[in-house]
Structures are given as C-alpha cells and as structure tokens.
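Report on the structure given below.
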Amino acid sequence: MLTQRLLTSDKGGMLVLGILALTCILVPILNLAVPESSPLHVSTFTVTLLGKFLCYALLALALDLIWGYAGILSLGHGAFFALGGYAMGMYLMRQIGDRGKYGDPLLPDFMVFLNWQELPWYWHGFDMFWFAALMIIVVPGLLAWVFGWLAFRSRVTGVYFAIITQALTYALMLAFFRNEMGFGGNNGLTDFKDILGFSITADSTRIGLFLASGIALMVAYLACRYIVTSRAGRVIVSIRDAESRTRFSGYQVESYKLWLFVFSAVLAGIAGALYVPQVGIINPGEFSPLNSIELVVWVATGGRGTLYGAIVGAFSVNYGKTIFTTFYPEAWLFPLGLLFVLVTLVLPKGLVGLLGRFTRRKASKASEEDTP
Amino acid sequence: MIVTTTMERLQVLMRLCSALAIATLVALSTPVLAQSEPASATFEQLVNEVAQGSLSKRVDTVAAIAALKHERSADILQALQDGNLKVTRDDSERVVIETADNQILDAQTSEPITGTDLGRLKRIPIHNKLRSQLHTLLAQLNLSHPNDEVRLSAVTRLITDGGDEQTATLLNELKSDEQNSRVREAMDTAIALYQLESENATERLAAVKQLRGSLIPEVRGPLQERADYDSDKDVRIEAQRALDSIEGRLKMFRLGENVFFGLSLGSVFLLSAIGLAITFGVMGVINMAHGELMMIGAYTTWVIQQVFPNQIEYSLFMAIPAAFVVAGLVGIAIERGVIQFLYGRPLETLLATFGISLILQQAARSIFSPLNRAVSLPEWMSGSLQINPAFSITFNRLYILLFGLMVFFALLAILKKTSLGLKVRAVSQNRPMARAVGVRASWVDALTFGLGSGIAGIAGVALSQLTNVGPNLGQAYIIDSFMVVVFGGVGNLWGTLVGAMGLGIVNKFLEPYAGAVLAKVLILVLLILFIQKKPKGLFPQKGRAAAD
Amino acid sequence: MKLKSIAKKIGVLGSACTLALASLTASAQEEDTIKVGVLHSLSGTMAISETTLKDTMLMLIEEQNKKGGLLGKKLEPVVVDPASNWPLFAEKTRELLSQEKVDAIFGCWTSVSRKSVLPVVEELNGLLFYPVQYEGEESSRNVFYTGAAPNQQAIPAVDYLMNEMDVKRWVLAGTDYVYPRTTNKILEAYLKSKGVAEADIMINYTPFGHSDWQNIVADIKRFGSQGKKTAVVSTINGDANVPFYRELGNQGLSAEDIPVVAFSVGEEELSGIDTKPLVGHMAAWNYFMSVDTDVNSAFIDKWLEFIGDEKRVTNDPMEAHYIGFNMWVKAVEKAGTTDADAVIDAIVGVKVPNLTGGTSEMLPNHHITKPVLIGEIQEDGQFLTVWETDGLVPGDAWSDYLEGSKDLKSDWPGLKCGNYNTKTKKCVGATE
C-alpha cells in the first residue's frame, strides 16, 4: 500500500504525523466545546499561534525538500511564501467590498486615500476565490519556474544560488515597499473582514483555518514523502551527493531540480496563503532576506534531510521565540543566536538527530547520508 | 533692485544695507578702527537688549546695532552669528563674548573679564531669519576684509541677496583696488546682474555678455527673464545664447558629478565588500556576521571620540588601527570558537554566523543602548571641494573613495607580497597540500579571518562618517556586500573592485530615471540575470579552488 | 563522546528552562492588580525609537503606583517585545488582551504596526493608546491617537514657512511609506490651494534606510537655485536622516539657504547625530524638551532620575504617552472601573495638562488637542522654539485636503461612528 511505503521506516515522520493529527482533532474540540473556565480550554490565542506555526512548518517542509534532499539552498524561499500570502491578501481585500473606511465598493482603502481612480489590472479577478486560489499556486510556481530554469540551466549552484535567491527576495521586498506597485506599500494589506463568507474573527473560522493548515501540512508531508521515496527521489538525492556523476549517468539533472524547486515554491505559496488570514496582515517585510535566513535556521535546527525534522524545527524555534519575546523581551536575541550557533556546532543533524540519539535508535535508512 | 525675485525678502533690510555700505566706506577711509570714538550710551543699551526679548525683537535690535555704525558693531554681530555672544544667567544679564580660546570679553568694550566668576553662560540663541540678516550685514562689512576668502564669500553673498545701486557703485569702486582675480570676477558678476535691469539696452547687452558662461546659479533666472521678456531683440537673442552656453557646460559637469557619485557609492560598496572578499571569497565562509564586524568598527570610532573628546580632528587616525584590531580580534575569536569546526561546509557557516550576528547586534544594543550614537565629522571631512559653482566634490566622499582604494591596494599587496599572503593563498587553494609542505593551516585560517574582519572594522570607521552608528548598521550593508563579491567573482579581489565601482556607477546613472528604489530593484534583477550568464562572476577564479 | 554529553546537558537545561517559564506564567496571574500592556519593539529596526517609550511607560506606571495606584489597586506593567515584526504585533496584542488580560495597551510606533494591531484590539474590545504622529485617515473606537494628525504638524509648519520665511518653492522629500505619502498628498493639495504652481513643487521618495543622498541633494540644490526661496519639507524616516543631513551640510546647503523642516526628527534622533551641520534646520512637533514650563522640567527631572543617565533627552512621543496615560487614569477614575466600554465612554472630554503649559482634551474623534511648535535645531541638539500656534489645535482624523476623506467625520459619543459621511448622512463601512 502507498501509505505503507511512505511511512514504514519513517518512525519519526509517523510520530510527527500522529501528533499533528491528534492536535487537529483535540484543539478544535478543546477550543470550541470546552468552556473557557475549564483548565483544559485552549484559548483562541493558542489556536492562532498554533495555526501560524503550522504554516511555518509547511514552509520549512518546502525548504527542507529542496535543501535537505536536492542540496539546493534557497535563501529566498520567503519570497514564495509572501507571494502566496499577497495573493490571498488581495482576495481578502476584495472581499471587504464597500465595508472599507471610505465605503468604496471597488477600491481598497489604501488606494482611495492615495487618490487612485481605478483598480490596477492585476487586481482584477481576485474577488473570486477560485481565481485567488489558482494564483496562490501559479504565481510562486511560475516565478520559481522562470528563476529555476535560468539558474539551473546555467548551472548556478551552491553558494551562488543561495545568494541570487537572496537577491531575488530582496528585490521583491524593495519593489513591494514601493507604493506605486499598488500593494499597499509598507502598510501592506490589512483589516480583512471575511473569507468565503465567514467572518475572519469568528472562532469557528479560526478553527477552520487552523484545520486547513494542519491538513495542508499533513498532505504536503505525505506528498513530499512520496517524492523522496520514489525513483525520482533517489535521483534527486544522488544529485545532491554527486551532481556531475548523476548527469553523466544520463539523468536530466536540471529538470529534476527545476520541478522539485517549483513544487517546493508552490508549497511555500500555499503556506503563505494560509498564514495571512490567521495573522491578519501581509506586508513587504515578509520578503525580508532575514526571514528567509531564519527559515533556513528552523530547518537546520530541526534536522535537515528528514522531512519531519523541518516540522520539529519550525515549531521549536518559533515556540522558543514566542516564549523569549514574552519573558526576556530585553535580551531574547542572545539565547536565540546562541541556539543557532550551538545547533550547527553540536547538532549537525538538528534536534531530530539529538532525539534519535536519546532514544538510542538508529535513524531511518532512507536519508541518513551526511551532509556534503 | 537687481534680482526682483528676492525683493520681498530684502525689503526690510534694504535701507539698512545701504546705510551700512556707506558706513563701510567711511570705515575704509579710517583704517585704524581702534582709535575711533568711545561707545555711545545707546550702543550699550542695545548690546544689553540683544540678550532680551523674543527672537523677532532681536531682529530689530541687531538692525539697530548695525545702523549705529559703531566700531564694535561688526564684532558683536560676528560673535552673535558664531554663537559666541553669551549672557550670564544671573539677574545682571551681562552680555559677553566667549572667544575660541575660552577667553571671556566684555561685549561692549571687548576687554577681557578676569577675576569675577560669571557662572555658566547662556548662548544668545538666533534663528534662521536672524542668521540670514546677520549674514547680509556682515557681508556688507566684509567687502574690504583683508582675507581673500572672506571677501569672496561677501561678494557671493551680495550676488545671492541682490543689491541696489549703492551696492553696485560701491562694488565698482572696490573693484579697481581688488587684487584677487576670483573676487574681481565675482564682483563683475554682481555688477552685471545689477546692470541686467538697466534702462539702457546697450548696458543690458554688455551685462548679458559678461554673464555668458557663468556657472553661478543665481545668474540663470535673470538671464532667462531677459531671454523671454526683454524689449530689445538683440538682448533676447544674446541672453538665449548665453543660457545655451551655460546649459552646455552644466550638462558636462552634471555628467562628471554623476560619475563621481557613482564612484563614491562604489567605494562604499568596495569597503564593505572587501573584507567579505577575504572571508567569503578566499576562505569560503559565508560570513553573515560581516555587517556586525563593520558595526564594531563604527562603534570603535565612537568610543575613541568619547575617550579623546578634544582630538576629534585626529580621531579617525586613531580609530582606523583600533577598529582593525578590535574587529580583527572579534573575528579571530569567531573563527577559533565556531568556524574552525565548519570548514568545508559553507552553508553551515551561514547558520552559525547568522546566530553570531544576532548575538553581536543584541550585544551592541545592551552595551551602547539601541539608540544611534553620534560620531562627529572632523573639520577636514566636512564641506566640499568647490571646483566651480556648478561642480563640487564633498570631502568626506572624496576621502572615503581614496581610502577605499588604499585599503584595496594594501590588501592586494599583503596577499601578493607577504609570506602570510602566500600561505593564505596556498591554504585556500589546496589545504592538504599546504599542510603537507609545512603551513600551519589552522593558524593561517585564524589570521586570514582576522584580516578580513579587521578590514570590515576599518570599513566601519568609514561608514561612521557617512551614516548612523547603531545596532542595525551591519544589516544595511550585508546584502550589498555579498552581491558585490559574487558579481565580481568569488576569490578575485580585482573582481571585487570592478564589481563595486561598476555597480555604484550603474546605480547612479539609473537613479535619475528610475528613482532610488526602482534603480536598486533593477540592479538586483540585472545582477540575477548576469549570474545566469556568468555563474562565476565577472572574473571567475580558475582551477580547483573554484569548486564549492 | 564529549559532544554527546554536551548535547545531553543542553537538552536537560532546555527542559528545565521550559518548566521554569511555565511556573512563571502561572504565578504572574494571581495577584489582584490592574495590568497595563506595553507593546513596543525592543529589538529589530524599530527598537531605536520604541525602547524609550517602553521606559517612559514604566516610569509613568511607577509614578502612579507611588501615588497609590488606581482604584486602590497597584498598576502592573506587562512588557512584551514584538521585535519590529508586524504579524508579531498582532500576536502579542492578542496575548496581552486574552492571556494577560491587560486593561489598556500603550504601544506601537509605525503605522503598519498599528494597522496590524487594530483588528485584534477591535475584536477583543481592548484599548490602545498610540503615541506617534501619523498620517490620519483613521478613527477606531478602541484606539486613542495621542500623537499628531497631519493638521497638527504638517500644515502649521508649511504655514510658518510660507508666511514667515516667504518660501516659494517646495521640496517634499519622504521615505516611501504611507505616512509621507499621505502627508505629502495633503500638503500638495494644500499648497496648490494657496496658489503654488505645480512646477514649484518637487516630490521625492526614497526607500527605508536610504544612505546615499548625493544626487538627490544635488537635485534639491539645483531646484533651490532658481532665485526663489526654497524649503524642504521632510518626512524622511529614522535612519535615513543622518546621511541626508550630512550630505546637505557637505554640499554646502545651509539652513539659511534651504531650510529643512522635518516631522520625524526629534530630540532623541538628534542625540544620535553630530548636530553641527544641522543647526538652523527645523522640526514641527507638539512638544520640545526645551519648552520652559514647570511641569516640563519636573517631567524631565523625573525621567533623568528614572533612567539614570544625565544625557538622555525627552521627546514628543514621550509627551504623548504622558498625556495618554494620564487621560486613561482620569477616565478610569471617572468611570470607576477599567472596563473598556466604560472607559471609552468616560474618556471623551477628559482634560489633562500637557507638558507645554496647556491642557489637552480627548476629542470625540479619539484624537486630542495639542499646540503646534516649530523649532530650530541648536548645536546642543535641542530645539529653539521660533513659532507656535496661539492655542491648541484639535486633531483631525480625516483630512479636508484629500478627495476621499473630506466629507468624513468621526464622532464616537454622538454618532457612534468613526467615519460618518456628512454628504450621504451615513456611517460608511463597519461600525462598532
């Protein structure tokens, strides 16, 4: 059976998926059905927080797929995430309709007060959910395809690739900061009212989004597992470990890399689209190269090259961040910075590797090769 | 009036100015000022009044002091202009002048005050209106100042202000005695500007011809007016011709200016990238903490200026070696503590150094506070080299450009000519082989990283003269630095130089058309496309070391 | 082997930390206090400005506790760090309101952070006091804007330049984000209404943290050398200012030739700048540290004592927090409860002394009345007030100079609406 193939010899993955599934079942019940006074009640704050983490985890998974398995380090994956987010944000802006501050039925508020007379062409169609959903996939995918096609064809690899992806997201950030672009500039897109007709502030909508994120993450996980356990997946791993040798063996290295990159970008876009309605804002800051670097750190912390490691990393670093920013608001960058240093020095396989060592089990055989 | 457009501003002052011009003439004829009459009672009152009342009242008081034609008027006004005119905080409100060497003079008599403790002095505040008024009054007084520069700036001021017939007459008289050609030229311009308004068409025509080719910005407005509206056809044609010739010269200088702007931006790129060219280019370490090392250099400059508050002029010369040492030591500590375990894993150095950069940033925030720190510009770094009225080069940019080149060539010399350089190149090209012939690779690594970091520190000193010194300083430059190194070709110093200057110039030529933001975006897009074409940069390194 | 043991230790340490933190959360919720949320970035790019406001709030709360607290209870500050990250602002707001159950939040600096926080504050019916000058075009039932609206800063400044300095040509230079864009839109319309020609207005936008001003300053110089008095109205943000002023100074543009009037440069920014080249340039604010009143010198003394550093300065947003906090305290006392709805009802009309010698009042549109001061920068980094409005200027939420908003009006107690269209007599968009 397919699931068997995907999950046997992936004990960590099974565990993570199990926990995810359990969370997806328990959290909604504890939030909606259990009264607030009960100690078991899960607050809406926790739900949105977890929902956000789920999106981050999906993003981390996308990066781990290309970095951990194909050895392509993208320092610009935040760009695809943000593009997906903007596509969703545009849909949500259009949904506001005439409930904006100025009551303009067509134009979003930020266009009204900058005296824009008509909707820019690229804003058309975003009033329909299916179109927005399509764009969430198409825009990041297309960008990744063009970018990847150019880069892989000229065999831009390793550090060079990392740096031009950084340039990409930096350029996009600067561009989106410009108010003339028509994406709200620095203020970005905010003040969303509802999604698919449901009020965005309702607890049930939040749970819905939370569930959607959870399910998206699980499905994406299985899809990624499917890819890496497939024949193509083994080619991809061999590209990571010995690119030239794979090429000489007659494989179309470029197209393997390209499609994996596009798939990963689409996953990142979906993560962004699920993220925006939950946090309620998208702004060009999401394109910031620092965000993308941080993303790399999540993956490294969790354990690169094991898909569930990315999920563990995203959750643990972000949870740590939430805790630190509340309890050590003055100095939380110290422990965070130290964590990154220690992880690279002491835990080259990330937290997952540490966990594996603790339980004295041998890591699964699928992808244990040392990093190059 | 000569320049009609500034008329409004000057109306109030006009009468006053002419009175003063005459006063100056009188003063000229009596060279030994110190021997003239003693101060009148009103003068003393006025001097005391300077310290009192509102700013607008002070404007009147100053005008009155000037109108008195008192021998001390100029000194008082100059002191007020320079912020040296002070008042005691006690009830007597005594007005004094504090000279540059901290001597305190009585404002009315200019006699030094000794023995009495005046307590803390309060500077008599002035605002722009007053400052501008003082400037004009002093310009009138300084037309016959013994110093050429002062005279020149006085005449220039007259050109800006415009003048009346009396000024023109005065200038005409002064011109005959003027020895300095530049001052004379400026006087000619001022007179010609006045004559542009003459009733007589021939005089106007002569004035237009005089102004032909002048780059002084104040000339163009009146000339344009002549070219458009003059009643005389010849004057119109001639004025248009004069304008065209000015425009042609301006275009040329604007191009020169743009090239300089580009080179200057390039030199900033160069300085910030050159350290990275060592750590990243030669050693293969993706040093995300590079920006923070520059930050350390900038903070070192600040600390030096705090420790030696009286040596601002020399502070940079102390800061450069200090920043090199401090940043270099931090760099060595980073290398020994973290990076030495990560050679051969460039992408993991990225993560570790990113963590370090966060720690260093927060450390700066904890030690120096999140606020920016004020680093002073030494006198010799301020101002600009005026080549002509349309083209000037700012000193700080010029020095930084030269400094960037110096650092570059020094580094090149170190790598090519010294034994350390030889070892560095050996280790970076083939580590096992270098070790086999007896190079202590780990020692060389530490020194190389220290060298790169030290240069980043030096870059920080330069940046402290251009921009903010604060915890975020490094972040602003890190991406640009990586772009430059990659564009130029990793491991090639010349590539870094060409890359930095090239990006700087392209940026500055795009900016007027695309705006600052879009220019930067375009540069990045071009860069991305360029890397596709030449994946190893402008000057790819040959041989084994080129592999990742 | 060695590494393994280190790793193990880290693991143990980590879990110990988590436990400690968990117990911390539990204990924090027990005492009976009135909690006040402080939502200012302590790290990231905005820490430079916002850290001071956090300290200001801590000082104000400490002072209030010395006076016996509020309603017989002690005030307890809850400080969090949104780290200059806009989604994190929303998350932290939710945490403050729903987990920590704070009764009021004092926070935000940038517009985008306020926009991010706004939906959460409205959803959970909290109170937010926003202390920074901003672009206007907003009036929320749950937000109190104690900083200046454009009509309390930009327009008086332009009036001053036009009437007192006879400025004829205008450079509107700003960082490319909403506040400068809106302010410049308003100013452009205002200038044109005063008969300034299109050709005499130059508008320029630069990215955040722009550091290379060479050709922009050269352009300004050229623009200003056409024989008419020229001034620069600067909405340039934070870090970009230092290189901008340095370039101005070095290219020989003094305040006398082309004065710059800035809306985002205050005492604190100046303390990080070598002020020599800036002398004579101007700023428009509602408060200057140099204002000579008893209440101001008392405030400065308290601040210097609290922060323990003689060199620190006070600035306009600090005064805004001072006013906002006192208004909140007064409103809570008036309402007899910290309940948000009661406070929102009680606070409109509350009057408290500001630091410049007047009395500021909370208006029905949740903005306040403030004086407008124009100051020139002095060598010591302080401002010399050269002009001020006769009385207090009421803050206007919706600008009269923008097409979209000139018919809008905000009146919470009367109309229960933040954006009431006076033409259609309807409350546009969402109401409470």
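Things to note:
- For segment B:521-531, filtering for residues that are surrounded by fewer than 18 Cβ atoms within 10 Å (Cβ to Cβ) and within 8 Å of chain A (Cβ to nearest Cβ) leaves 2.
- Helices (runs of 4 or more DSSP H) wholly inside segment A:216-305 containing at least 1 residues that are within 13 Å of chain C (Cβ to nearest Cβ): A:253-279, A:289-302
- Within segment C:205-220, the residues that satisfy the criterion of being assigned to a loop (DSSP other than H, G, I, E, B), of a type outside the set (S, T, N, Q) and at the interface with chain B (Cβ under 8 Å from one of its Cβ atoms) are C:Pro207, C:Gly209, C:His210, C:Asp212.
- Meets criteria (out of contact with any Gly (no Cβ under 6 Å at 6 or more places or on another chain) and either part of a helix (DSSP H, G or I) or of a type in the set (Asp, Glu) (or both)) for B:Val506: yes
- Count of segment C:86-106 residues, restricted to those that are more than 8 Å from every other protein chain (Cβ to nearest Cβ) and out of contact with any Ser or Thr (no Cβ under 7 Å at 6 or more places or on another chain), is 8.
- C:Val386 vs. criteria buried (at least 19 other Cβ atoms within 10 Å of the Cβ) and more than 14 Å from every other protein chain (Cβ to nearest Cβ): no
- Complete set of residues in segment B:91-131 that are closer than 19 Å to B:Ser54 by Cβ and within 14 Å of another protein chain (Cβ to nearest Cβ): B:Lys122, B:Arg123, B:Ile124, B:Pro125, B:Ile126, B:His127, B:Asn128, B:Lys129, B:Leu130, B:Arg131
- Within segment B:465-503, the set of residues being over 22 Å from B:Ala327 (Cβ atoms), surrounded by fewer than 24 Cβ atoms within 10 Å (Cβ to Cβ) and of a type outside the set (Val, Ile, Thr) comprises B:Gly489, B:Asn492, B:Trp494, B:Met501, B:Gly502.
- Annotation: of all residues in segment C:180-204 being within 14 Å of chain B (Cβ to nearest Cβ) and under 15 Å from C:Ile236 (Cα atoms), the one that is farthest from the chain's Cα centre (by Cα) is C:Met202.
- Going through (1) within 14 Å of another protein chain (Cβ to nearest Cβ); (2) of a type outside the set (D, E, K, R); (3) more than 23 Å from C:Asn326 (Cβ to Cβ); (4) out of contact with any strand residue (DSSP E or B) (no Cβ under 7 Å at 6 or more places or on another chain) one by one, C:Trp109 falls short only on (3).
- Looking across segment C:61-85, just one residue is within 17 Å of the chain's Cα centre (by Cα) and more than 8 Å from every other protein chain (Cβ to nearest Cβ), and that is C:Ser84.
- Qualifying positions in segment C:351-360 - in contact with a strand residue (DSSP E or B) (Cβ under 9 Å, 6 or more places away or on another chain) and surrounded by fewer than 19 Cβ atoms within 10 Å (Cβ to Cβ): C:Lys351, C:Pro353, C:Gly358, C:Thr359
- The number of residues in segment B:229-287 that are surrounded by fewer than 18 Cβ atoms within 10 Å (Cβ to Cβ), assigned to a helix (DSSP H, G or I) and of a type in the set (Asp, Glu) comes to 3.
- Residue within segment B:432-448 that is surrounded by 23 or more Cβ atoms within 10 Å (Cβ to Cβ) and of a type in the set (A, V, I, L, M, F, W, C) present: no
- A single member of C:Gln152, C:Gln226, C:Gln214 is surrounded by fewer than 20 Cβ atoms within 10 Å (Cβ to Cβ), touching a residue at least 12 places away in the same chain (Cβ under 8 Å) and of a type in the set (S, T, N, Q), and it is C:Gln226.
- Residues of segment B:335-379 that are surrounded by fewer than 21 Cβ atoms within 10 Å (Cβ to Cβ), outside any loop (DSSP other than H, G, I, E, B) and more than 9 Å from chain A (Cβ to nearest Cβ): B:Arg336, B:Gln340, B:Ile367, B:Phe368, B:Glu379.
- The residue of segment B:467-520 that is nearest to A:Ile163 (Cα to Cα), among those that are within 14 Å of chain C (Cβ to nearest Cβ) and among the hydroxyl-bearing types (Ser, Thr, Tyr), is B:Ser481.
- Any hit, segment B:102-125, residues being touching a strand residue (DSSP E or B) at 6+ places or on another chain (Cβ under 7 Å), in a helix (DSSP H, G or I) and touching a residue at least 40 places away in the same chain (Cβ under 8 Å): no
- Residue ID - farthest from the other protein chains (Cβ to nearest Cβ), chosen from residues in segment B:325-334 that are surrounded by fewer than 24 Cβ atoms within 10 Å (Cβ to Cβ) and in contact (Cβ under 8 Å) with a residue 40 or more places away in the chain: B:Val325
- Residue within segment B:226-237 that is outside the structural domain of B:Gln140 (by TED's automatic domain parsing), within 34 Å of the chain's Cα centre (by Cα) and not polar (S, T, N, Q) present: no
- When B:Leu10, B:Leu105, B:Leu77 are screened for being modelled with pLDDT of 75 or more and closer than 20 Å to B:Leu170 by Cβ, only B:Leu77 passes.
- If you check A:Gly85, A:Gly68 for being farther than 30 Å from A:Arg155 by Cβ and in a helix (DSSP H, G or I), only one passes: A:Gly85.
The values are calculated or read from the model by the stated rules, or taken from the named source; none is laboratory data. Keep in mind it's a predicted model, so treat the numbers as computed, not measured. So basically every Cβ, Gly included, is an ideal-geometry build from the backbone, and we count neighbours across all protein chains shown.
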